[in-house]
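Engineer: The following block contains the structure, expressed as structure tokens.
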Amino acid sequence: MHALNKNRPLRRALLASATTVSGIVLLLALKPHTGPTVVTDSVAPAPSSSASAAPEASSGTGGSTKSSGGSTKSTGTRTVTGDTVQTRWGPVQVRITIKNGKITDVTALQYPSDNPRDQEINSYALPQLRGEALSAQSASIDTVSGATYTSQGYQQSLQSALDSAGL
């Protein structure tokens, strides 16, 4: 006779219970979808504004030594750091370099790198995001497949840096 016949109702109940418990455990193991959130602390804006103020002052003196005139905000080189954006996998923060009103460099200061998988994902995602930002000259960039949370955090930090720079 088969093990789950009518003669063995306890085994059938045990199997049904084990299946139900396994299903519940699998459902509870799924992580809920949460978007990135901006982490704001009172310490971060102060260095960012003083860091952007110092290059403006130096670009102003550089502008006065040049024979051509112009606004100090549109000429010279400035560096602005974006807000730290907390994502599901870790913080993301970028710094932009602006020369003559154009983004000339984007550097990821913070990004998820706690484990080998994070390092693998970001080793291909960050160069793509940098290239997109430089070609778009804005934070309207495509999300890198497989690095959605990092891409969203990168975009938000980039936008905050652009806002701080007045672009």
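Engineer: 7 Å from Cα along Cα→Cβ at both Asp118 and Ala16: what's the point-to-point distance in nm?
Structural biologist: My value for the distance between the label points is 4.5 nm.
Engineer: Something else now. Kindly provide log₁₀ I(q)/I(0) values, in the same order as q = 0.21, 0.23, 0.24, 0.27 Å⁻¹, from the Debye equation applied to equal alpha-carbon scatterers of region 89-165.
Structural biologist: Log10 I(q)/I(0), no solvent term: -0.85, -1.00, -1.08, -1.34.
Engineer: For a quick check: with amide H placed at 1.01 Å from N, whose amide H comes under 5 Å from Asp105's, ignoring anything fewer than 5 positions away on the same chain?
Structural biologist: HN-HN under 5 Å from Asp105: Thr97.
Engineer: Gly76's amide H: which non-local residues (gap 5+, or another chain) put their own amide H closer than 5 Å, with H modeled 1.01 Å from N in plane and none for Pro or chain starts?
Structural biologist: Asn100
Engineer: When you count, for each residue, the other Cβ atoms within 10 Å and take the mean per peptide, how do 154-162, 130-138, 85-93 rank with the highest first?
Structural biologist: 154-162, 85-93, 130-138
Engineer: For region 100-167, what does the accessible surface come to per residue with a 1.4 Å probe? Please give it in Å².
Structural biologist: Solvent-accessible surface per residue comes out at 50 Å².
The values are calculated or read from the model by the stated rules, or taken from the named source; none is laboratory data. All values reported here derive from a predicted model rather than from experimental measurement. Cβ sites come from the backbone with ideal geometry, for glycine too, and all protein chains shown count toward neighbours. Note: accessible area is taken over every heavy atom of the protein model, side chains too, but ligands, DNA and RNA are not part of it. Shrake-Rupley method; radii C 1.70, N 1.55, O 1.52, S 1.80 Å.
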